[in-house]
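The values are calculated or read from the model by the stated rules, or taken from the named source; none is laboratory data. This structure is a prediction, so every number in the text was calculated from the model and none was measured. Every residue, glycine as well, gets a Cβ built from its backbone with ideal geometry; the counts of neighbours run over all protein chains shown. Remember, those area values only see protein heavy atoms, side chains included, never the ligands or the DNA or RNA. Shrake-Rupley method; radii C 1.70, N 1.55, O 1.52, S 1.80 Å.
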Amino acid sequence: MDETLDLLDTLLDGVSEPRLKLISADEARALIVLLGLLEEGDQSEDVRRAAGDMRFRLGSRLT
């Protein structure tokens, strides 16, 4: 569980404008879907919250 939180923290911290440009819009949308599964799954509250934050940050950069 701690490894999952660490991974999400690293990914969330790494989502910046220059980094987002390394993936296509389609790839970003796919990540949003996958993060939605984490957010709605049987994960801990911390994992769900981190996944939701990351989805929001990615989504806001796509528009």
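At a glance:
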| item | result |
| --- | --- |
| Subset of segment 33-63 (residues that are open to solvent by 30 Å² or more (accessible area, probe 1.4 Å) and β-branched (Val, Ile, Thr)) | Val33, Thr63 |
| Filtered residues of segment 32-54 (kept if over 15 Å from Leu5 (Cα atoms) and either assigned to a loop (DSSP other than H, G, I, E, B) or not hydrophobic (A, V, I, L, M, F, W, C) (or both)) | Gly36, Glu40 |
| Every residue from segment 15-28 that is open to solvent by 60 Å² or more (accessible area, probe 1.4 Å) and either touching a Leu at 6+ places or on another chain (Cβ under 7 Å) or modelled with pLDDT of 90 or more (or both) | none |
